[in-house]
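Worksheet: the structure to be examined is printed underneath.
Values quoted throughout were computed directly from the atomic coordinates according to the rules given, and no laboratory measurement underlies them. None of the values given here were measured: they were computed from a predicted structure. Cβ coordinates were reconstructed from backbone atoms using ideal geometry, including for glycine residues, and neighbour counts include every protein chain displayed.
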Amino acid sequence: MSPLQQAAEGLALSALALLGGLLMFGLFVWVHGHDPLQAWMLLFKGAFGDAFSIQNSLQRAAPLMLTALCVALPAQAGLTVIGGEGALVLGGLAAAAVPYAVILPEGSAGTAVLMGAAGLAGGAWVALAGALRQWRGVNETISSLLLGYIAISIFKFLVEGPMRDPASLNKPSTRPLEPSWLVGSMGSWDVHWGLAFGIVACVAAAVWLSLSTHGFAVRVVGGNPRAARLVGLPANALVVSACALGGAAAGLAGALEVAAVHTAANAALIAGLGYTGILVSFVARHQPLAVIPVSILFGGFLAAGSLLQRRMGLPDASVQVLMGFSFLIILAAEALRGRLFKITGGTPAGTAPPASSAPGPLAAEARA
């Protein structure tokens with residue numbers, strides 16, 4: 001299958017998953033006695049209906065871009081990592097913990113130290129899942145999920161214990177960050193600079209995967225590990241580095257939530273952003289550039305939850321049902337991967353089938 005066919009197939013499968021999720025959500029709403037058409041209209045009105053809705057959607061999309069990279073980058077190396085929630089909370093914890101340990105400079109220099117500490121914490125945590133997979137044969141999906149639970153437990157222990165600010169009575173929190181370290185809004189927009197961080201990270205990841213030798217080697221390892229070993233690529237180091245970069249992105253998301261939204265680390269940081277990032281990455285087919293629009297779309301759905309609650313009496317969390325339906329359909333659609341155009345009647349216009357299906361010697365050796 002040519003690159004054009006692969007891109008067209010990925011776009012078609014993602015669109016079908018979103019459409020199917022919306023249809024099933026409409027059925028869910030109808031079963032509970034509400035008008036599906038009104039629910040669909042409110043979803044898009046609450047997400048993109050006016051300037052306030054758009055800003056709210058972009059605000060919610062910012063961390064989703066970074067947590068989605070925690071899934072997308074290891075996926076390029078052939079791993080299914082779902083521990084972004086753990087990397088996010090540890091990144092936020094690290095950002096809040098640095099002022100306890102060292103005296104930071106004021107302004108952007110101090111902010112940069114906080115972001116760096118968060119990236120290192122998240123990267124090391126997810127790299128551990130990759131290392132367990134490569135050197136001990138532990139399934140990375142299970143280990144990253146369990147490591148996420150451990151990270152949340154560590155977070156709660158420290159925030160509610162040794163790092164608790166005595167002034168936080170009803171809601172245990174760490175000491176608030178200094179105002180000069182906080183991440184502000186982008187000009188007149190009510191959207192913090194985390195959105196720019198997310199977009200830059202996605203573009204940088206796409207450039208790294210497409211134009212660098214290291215990124216190309218990661219994709220080779222993910223596509224055919226045996227062929228990668230035959231040509232002498234250091235598969236273990238490449239896999240762990242991809243996991244570390246993904247974890248660093250999720251850790252940065254946690255630091256931005258602390259520095260731009262909450263001003264301190266507390267239980268509000270455990271909001272499921274890492275788990276939503278899994279859905280974003282799968283709908284985007286693990287392509288960093290596609291993560292940007294998909295994050296904005298799902299950020300909009302999250303922003304529309306309150307409108308559904310006010311206008312239709314649905315719970316604010318009902319949008320999670322929509323996301324669950326979309327995730328189930330995108331997973332089921334994997335059965336059509338590589339076969340969609342055959343089912344629909346051949347190749348797209350302007351393309352031709354391969355001249356020969358006979359495998360080359362390297363492919364034959366890789367499958368041996």
With no solvent term and unit scatterers on the alpha-carbon positions of the range 30-81, Debye gives log₁₀ I(q)/I(0) at q = 0.15, 0.21, 0.31 Å⁻¹ of -0.65, -0.77, -1.05
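Could you tell me what % of all Cα pairs in the range 1-128 have separations over 19 Å? Could you put the intermediate results ahead of the total?
Working: 5674 of 8128 pairs.
Value for the range 1-128 (Cα pairs over 19 Å): 70 percent.
For residue 169 and residue 200, calculate 0.36 nm times their separation in residues minus their Cα-Cα distance, and state this gained length in nm to one decimal. Kindly include the intermediate steps, with their values, before the conclusion.
On the way: separation 31, 0.36 × 31 = 11.16 nm, distance 3.80 nm.
That pair, residue 169 and residue 200, stretches by 7.4 nm at full extension.
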About the Cα centre of the range 36-184, what is the dipole size in debye to 20, counting +1 per Lys and Arg Cβ and -1 per Asp and Glu Cβ, all else neutral? 260
What share of all Cα pairs of the range 255-306, in percent, falls into each consecutive 5 Å distance bin? 5, 19, 21, 23, 21, 10, 2
Determine the dipole magnitude for the range 63-292: charges of +1 sit on the beta-carbon of Lys and Arg, -1 on that of Asp and Glu, nothing else is charged, the reference point is the Cα centre, and the result goes in debye to the nearest 20. 740
Note on the chain: contact order normalised by length, alpha-carbon pairs under 8 Å, 6 or more apart, percent, works out to 34
Would you please state the base-10 log of I(q)/I(0) at q = 0.09, 0.10, 0.21 1/Å for the range 209-345, with intensities from the Debye formula using one equal scatterer on every alpha carbon? -0.41, -0.50, -1.33
Would you be so kind as to identify which of 118, 221, 55 lies farthest towards the positive end of the dipole of the chain, taking Lys and Arg as +1 and Asp and Glu as -1 on Cβ and the Cα centre as origin? 221
Neighbours of residue 177 by Cβ distance under 15 Å: Lys/Arg at +1, Asp/Glu at -1, summed charge -3
Go through 236, 269, 252 and say which Cα lies farthest out towards the positive end of the charge dipole of the chain; charges sit on Cβ, +1 for Lys and Arg, -1 for Asp and Glu. 236
Using 10 Å bins from zero, what percent of all Cα-Cα pairs in the range 63-292 falls into each bin? 9, 34, 34, 17, 5, 1
